[in-house]
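Have a look at the structure below, then the notes.
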Amino acid sequence: MDRRTFIRGAVIAASTPAAIGAVSTLGIGVLVNRYRAANAAWLATAGADGDVEAEGPEYEAAWSAVKDVVTHQCQTAEEVQEKIKAVLSDQWLCETAECGWDVEAGRLHRHFLRSLII
């Protein structure tokens, strides 16, 4: 099994209805790691020219993981710090936290801010 196949399998397993329903009970570290794996799987779909499409199961899993990180309700000061570091260190997470990137734009930004209140 090559690395790309392994990453895609991990993303699909993490995207099952049972796993998605459990997201709210996961810590921010787990969600950030899930996002990184999903994002890597999506980026691995790049064509020969290096372009990736904002569609398909890998993209949908990555976008779902972005929203999971951005909207996760922090429970401790340490989790707030970890979440802020993760968001500031990743362009997609940061842009989503700032402006949302879809019809949920304003709601995602407000939800991100509320999620930092412990």
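Among the residues of segment 2-56, how many are modelled with pLDDT of 50 or more, assigned to a loop (DSSP other than H, G, I, E, B) and more than 24 Å from GLU79 (Cα to Cα)?
Residues in segment 2-56 being modelled with pLDDT of 50 or more, assigned to a loop (DSSP other than H, G, I, E, B) and more than 24 Å from GLU79 (Cα to Cα): 13 in total.
How many residues are within 15 Å of SER64 (Cβ to Cβ) and either loosely packed, with under 14 Cβ neighbours inside 10 Å or at pLDDT 85 or above (or both) if we restrict to segment 94-103?
Restricting attention to segment 94-103, the residues satisfying the condition of being within 15 Å of SER64 (Cβ to Cβ) are 96, 100-102.
Restricting the remaining residues to those that are either loosely packed, with under 14 Cβ neighbours inside 10 Å or at pLDDT 85 or above (or both) gives 96, 102.
Summing the residues that are within 15 Å of SER64 (Cβ to Cβ) and either loosely packed, with under 14 Cβ neighbours inside 10 Å or at pLDDT 85 or above (or both) in segment 94-103 gives 2.
Name the single residue, out of those in segment 56-89 being under 15 Å from the mean Cα position of the chain (by Cα) and surrounded by fewer than 13 Cβ atoms within 10 Å (Cβ to Cβ), that is farthest from SER115 (Cα to Cα).
SER89
The values are calculated or read from the model by the stated rules, or taken from the named source; none is laboratory data. The shown structure was predicted, so the numbers you read here are calculated from the model rather than taken from an experiment. Here Cβ is always computed from backbone atoms with ideal geometry, including for glycine, and neighbour counts include all displayed protein chains.
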